[in-house]
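Notes follow once the structure below has been shown.
No lab work stands behind these numbers, since they all come straight from the coordinates. Given the structure is predicted, the values throughout are model-derived calculations rather than measurements. We place every Cβ from the backbone using ideal geometry, glycine too, and count neighbours over all the protein chains shown.
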Amino acid sequence: MREIKQELYGETSGVKEEVLKELESCYLLEVEGTSLISEELARKMAWVSELLGREVAVYINRRGKVVAVALGDHNKVVLPHFEGRRKTKRLAGVRLVHTHPGGSGMLSGVDWAALAALQFDCIAAIGVQDGKANDIYAGFCPPGREFSAEACLIKGPLRLADLEQFNLLETIEAIEKQARSAGAAQPAVIEAAERVVVVALALPPEKNGELPPEESLAELVQLVKAAGATVVGSFMQKKSRIDGTYFIGKGFAGQLSLQLQELRANVLVVDHELTGTQMRNLEQLTGVRVLDRTAVILDIFAQRAQTREGKLQVELAQLRYRLPRLMGQGGALSRLAGGIGTRGPGETKLETDRRHIRRRIKEIEEQLVEVERRRYVQRHGRKDIPAVALVGYTNAGKSTLRFRLLQSVGSQEANWELEDRGTDRLFATLDPTLRGITLPGGQEVLVADTVGFIHKLPHQFVSAFRATLEEVQEADLLLHVIDASNPRWEEQKKTVEEVLAELGVAERPRINVLNKIDLLASGASLLPLPDGNPWVSISAAQGTGLEQLLLEMANLLQQDSRQVQLFIPYPQAGVLNELYKTVQVISVNYREDAIVVDAVVSNDKIGRYQPYLDIN
């Protein structure tokens, strides 16, 4: 049994008893208050560090007492939680001294990040070579300030015999005095936004999606920014397969934890959908909150939803995402069946949470069924008016295009559409509404904007947003808006087509609308491959190419139509108003016996006007 009873932090398993006792004896060594560290304590730390090939760290307060000792690995040490935080303009009252085995005592980026974040009095590193303390460097940073070369002070390289060259307490007091005198002129830095590091795997081509990993990672950065966070770093790891435990592999995750500290990041976002186990393991190893691509997309949805329907759909998607990721303490604590070992005081919190989520999912599904019923009634009331739905990759310009279409027909709602929806942001539209426009020839149609699609779209999306996506399923014509300025527009087009196929509307009449042609290089042109659908090039931002688009829409909606002549008796003259709204009226002649109307009527509406029909 060891006689000393002080706690050692970090990974101590497998270390011999006599070595642990040497570490514990560090608690008994006192340091003169004005000195950085005593020679005896520095030599003991260097000896253990050389013997184990691992970092050794000690906390020392201003009275010179060692208050914590920790053992790390070859390039990092886990710092125990310390309660000695002070006011904004004061330092922690504790300095951290640690070893750098087999190398220089120069402070690393992780060291500086820890110094600024935890407001230590100072942080010092002892370079260890051949079991002896080599060079020593000490860093100081004013409290409440961002780390910068100008703001921080470094002392070194120093030898053990040189530690008395400066008075530690005088240096600390001068730094605190400077921070207090700065007052309101240099307020403490308070970061409201989350600091995020994004990471992706570069898998073999057959295991990647359509987008190259670099493109997918760049898109994830934009998603994180759209969610309101600050991206402070991005990394990519080449692997032959996904690691089932840590997704990115334990070794890379360990390296990433150092980068997270150095960048002072508090969130890690992975460009893939993680399992609950992978998410938990990464959080435990890195010490920060871990999210995946799906969680970020759903968070943006939650910010964009405005109507009750939109908020219900987002909540449903989030609950379906969360349910399989609830973490408990294993199956032994779950009351899944009766019998020996399962009876007790009640359900675990895990089972309570699961039951609550399942109940809430059922409630939302019932409410959305009512939403679908109301939508069906509304569609039935306008069944004679063709519907056009805008679909496309997120940020392709669908909302701006609809604004231009409304503006072209003098809609009073055009300005509202531009202000509220025609913005350059991801997933700007989650709550689609219908607006009417008149095509060349006089036919009235309803235009619906819809939520944008994206690469690696969460599988919860289609089922949760079924009510909204019914506008796509019920549309007579689809306008597939494509960002022609994006070099990956063909892959984006394919992503949208895959979602359309999942919705069962892949064969629906469609116009491919190449948008943002004004952003193409001068003289550049696109030669899209024919896919059986017409192509129209436009610039929704500048309003060019819309005439051709409107003509193409009118022609496509009339393909299943025929020209007819209708004889409407004067007592039923109200039918003429209906015709102006539902078909293309060519001419109207008022005779003594009836109103004669030449019109183009779709085949599905012929039956409605059969009593007045005289087919040419």
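If R0 is 25 Å, what FRET efficiency do you get for residue 377 and residue 302 from their C-beta distance, rounded to 0.05?
0.30
Separation between the residue 39 and residue 570 pseudo-spin-labels, each 7 Å from Cα along Cα→Cβ, expressed in nm?
About 12.3 nm separates the two model spin labels.
Quick check on my link table: of 155/177; 311/362; 65/177; 362/456; 494/516, which ones sit more than 22 Å apart, alpha carbon to alpha carbon?
In this structure, 65/177; 362/456 exceed 22 Å between Cα atoms.
Starting from the Cα gyration tensor of the stretch 479-561, take the square roots of the eigenvalues, sort them a ≥ b ≥ c, and report rounded, prolate or oblate (rounded when a/c is under 1.5, otherwise prolate if a/b is larger than b/c, else oblate).
Oblate, since a/c reaches 1.5 and b/c is not below a/b.
State the extension gain, in nm to one decimal, for the chain segment bounded by residue 360 and residue 181, taking 0.36 nm per residue of separation less the distance between their alpha-carbons.
59.0 nm
Given points 7 Å out from each Cα along the Cα-Cβ axis, report the residue 277 to residue 593 separation in nanometres with one decimal.
Here the modelled spin labels are 8.3 nm apart.
Once both labels are modelled 7 Å past Cα along the beta-carbon direction, what's the residue 580-residue 11 spacing in nm?
It works out to 8.0 nm between the two label points.
Normalising by the residue count of the stretch 197-278, find the relative contact order in percent from Cα pairs under 8 Å and 6+ residues apart.
Across the stretch 197-278, relative contact order equals 45 percent.
Quick one: length gained pulling residue 603 to residue 518 fully straight, 0.36 nm per residue minus the C-alpha distance?
Working it through step by step, the gained length comes to 26.7 nm.
Multiplying the sequence separation of residue 221 and residue 166 by 0.36 nm and subtracting their Cα-Cα distance, what value in nm do you get?
15.2 nm
Evaluate E = 1/(1 + (r/R0)^6) for residue 235 and residue 551, where r is the Cβ-Cβ distance and R0 equals 41 Å; express this FRET efficiency to the nearest 0.05.
It comes to 0.25.
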